Amino acid sequence: MNAEEIKALDERYVAHTYGRTPIVLERGEGVYVYDLDGNKYLDFVSGIAVNALGHADPDVARAIADQAGRLVHVSNLYYTVPQAQLAKMLIEASFADKVYFSNSGTESVEAAIKFSRKRARTTHGPHKVEFITFTGAFHGRTMGSLALTPRDHYQDPFRPLMPGVKLATYNDLASAEALMDEKTCACIVEPLQGEGGVHPADPEFLVGLRKLCDARDVLLIFDEVQCGLGRTGTLWAHEPYGVTPDLMTLAKPLGGGLPIGATLMTQAVADTIQPGDHAGTFAANPVVCSAAQVVFSKISRPEFLEHVRWAGTYLGESLGELQQKHESIVQVRGRGLIWGLETTMDVAPLVDAGHQHGLLTLKAGNQVLRLVPPLTVQKEHLDEAVAILDEAFAHV
């Protein structure tokens, strides 16, 4: 079938919860993807920060095929080798003592919501149920996580939402302190906001938030679904701040393109969770966990993270030079290999112009162009991307 026939099928049979780019992608290799018409695109979307190792990584593909030939699914009624091995890898490389597996980022946040409330109820009683979230946050689209995502155009069609959520200002510690009281069970924050416009947390903000939560016996949740697992140049985005959370949510890159979420937690949280408190039929699927072991072992290598930091510095400097050439670029923000270009315009035409020149990018709000390439990207790919962006800005 050709591209137009595929798009017609999609139009006829798929519920349109996405506004699709008019490109039918067929295959990928490394940092490039190819459409049905044979066009080649430099992929600086990476499946929305998922394909950290690029496309068609042979080790990930081999792990998937090998495990699929042995055991695909049995549910969590039984122990499986890949789940236990992946759990060990995550815990030994993090602050956490236990991990709960799910199927997506929003599911990992839902688990954090439930575990936070269970811990608060167990230790303080039924009154301590409220959450603090922050302006610009994105934590998911299911009903609990949606309540923590303060965007009217996402929330309004689905009200009433989960009650008990208060909104503080990102990077404003005083605003969080003013809202925190005896009913607050947890505070959730992204060390670097992705969907909200690529905004890094100020060091004093995260450090102060940790101290504030400790003083009030409030759990601190770090949402690293997009910014974690090497994306910022360290394994965990919170590492440079010198603070750790009580719970952390992960997803996007972990499964190498297959669906997986993870909610990491301290023993103090895990001690309040009992069998039956939460579940997932497909969670920790053996095939996905086998792929995730390969992904995690590669990303967590010091030399791999050193490359991400180098590439991020180089890209940031190149984007700074691009800003000097185009007055429409107001600010360049980011760390590692997640960058946002804030502009004076709606960036949708920039995204479209990039497509015409063979570059895939995406928005982070109407006026921020977001770049999240595979973490394996090399200098020549960064140069190619910046050159295309230069043309796109000049054209728009």
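The values are calculated or read from the model by the stated rules, or taken from the named source; none is laboratory data. Since the structure is predicted, the reported quantities are computational estimates derived from the model, not experimental observations. Note: ideal-geometry Cβ built from the backbone for every residue, glycine included; neighbour counts use all protein chains shown.
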Would you mention how many residues in segment 71-95 are in a loop (DSSP other than H, G, I, E, B) and without any contact (Cβ under 8 Å) to a residue 60 or more places away in the chain?
3
Search result, residues across segment 121-135 that are buried (at least 20 other Cβ atoms within 10 Å of the Cβ) and over 23 Å from Ala268 (Cα atoms):
Phe134
Sole miss for Gly233 among (1) small (Gly, Ala, Ser); (2) over 26 Å from Ser46 (Cβ atoms); (3) within 18 Å of the chain's Cα centre (by Cα) is condition (2)
Conditions first: (1) in contact (Cβ under 8 Å) with a residue 40 or more places away in the chain; (2) surrounded by 18 or more Cβ atoms within 10 Å (Cβ to Cβ). Thr149 passes all but one, so which condition is the exception?
(1)
If we keep just the residues of segment 1-43 that are without any contact (Cβ under 8 Å) to a residue 60 or more places away in the chain and aromatic (Phe, Trp, Tyr), which is farthest from Ala385 (Cα to Cα)?
Tyr13
When residues of segment 136-187 are filtered for being of a type in the set (Gly, Ala, Ser), under 23 Å from Arg121 (Cβ atoms) and under 18 Å from the mean Cα position of the chain (by Cα), how many remain?
4
When you scan segment 96-109, do you find a residue that is in contact with a Ser or Thr (Cβ under 9 Å, 6 or more places away or on another chain), assigned by TED's automatic domain parsing to the domain that holds Glu195, surrounded by fewer than 14 Cβ atoms within 10 Å (Cβ to Cβ) and not in a helix (DSSP H, G or I), even just one?
no
Qualifying residues in segment 231-249 (those that are touching a Phe, Trp or Tyr at 6+ places or on another chain (Cβ under 7 Å) and either without any contact (Cβ under 8 Å) to a residue 12 or more places away in the chain or not in a strand (DSSP E or B) (or both)) - the one nearest to Gly334 (Cα to Cα):
His238
Do we have Val72 as in the same structural domain as Ala174 (by TED's automatic domain parsing), of a type in the set (Val, Ile, Thr) and either touching a Lys or Arg at 6+ places or on another chain (Cβ under 6 Å) or surrounded by 15 or more Cβ atoms within 10 Å (Cβ to Cβ) (or both) here?
no
Could we say that Gly334 is assigned to a helix (DSSP H, G or I) and either assigned by TED's automatic domain parsing to the domain that holds Glu384 or in contact with a helix residue (DSSP H, G or I) (Cβ under 8 Å, 6 or more places away or on another chain) (or both) here?
no
Take the residues in segment 272-320 that are without any contact (Cβ under 8 Å) to a residue 12 or more places away in the chain and among the acidic types (Asp, Glu), then tell me which one is surrounded by the fewest Cβ atoms within 10 Å (Cβ to Cβ).
Glu303
Part of a strand (DSSP E or B), under 24 Å from Arg333 (Cα atoms) and either aliphatic (A, V, I, L, M) or in contact with a strand residue (DSSP E or B) (Cβ under 9 Å, 6 or more places away or on another chain) (or both) - does that describe any residue in segment 250-271?
yes
Yes or no: segment 220-229 includes at least one residue that is in contact with a helix residue (DSSP H, G or I) (Cβ under 6 Å, 6 or more places away or on another chain) and over 17 Å from Gln193 (Cβ atoms).
no
Keeping to segment 16-36, report how many residues are loosely packed, with under 11 Cβ neighbours inside 10 Å and either at pLDDT 95 or above or hydroxyl-bearing (Ser, Thr, Tyr) (or both).
2
Here the residues within segment 64-102 that are of a type in the set (Phe, Trp, Tyr) and under 26 Å from Ile221 (Cα atoms) are Phe95, Tyr100, Phe101
Could you please find all residues in segment 188-211 being buried (at least 18 other Cβ atoms within 10 Å of the Cβ), of a type outside the set (Val, Ile, Thr) and free of Cβ contacts under 8 Å to residues at least 60 places away in the same chain?
Glu190, Pro191, Gln193, Ala201, Phe205, Leu206, Leu209, Arg210
Could you figure out which of (1) over 13 Å from Ala137 (Cβ atoms); (2) assigned to a helix (DSSP H, G or I); (3) not aliphatic (A, V, I, L, M) isn't true of Tyr154?
(1)
Would it be correct to say that Asn51 is surrounded by 12 or more Cβ atoms within 10 Å (Cβ to Cβ), assigned to a loop (DSSP other than H, G, I, E, B) and over 20 Å from the mean Cα position of the chain (by Cα)?
no
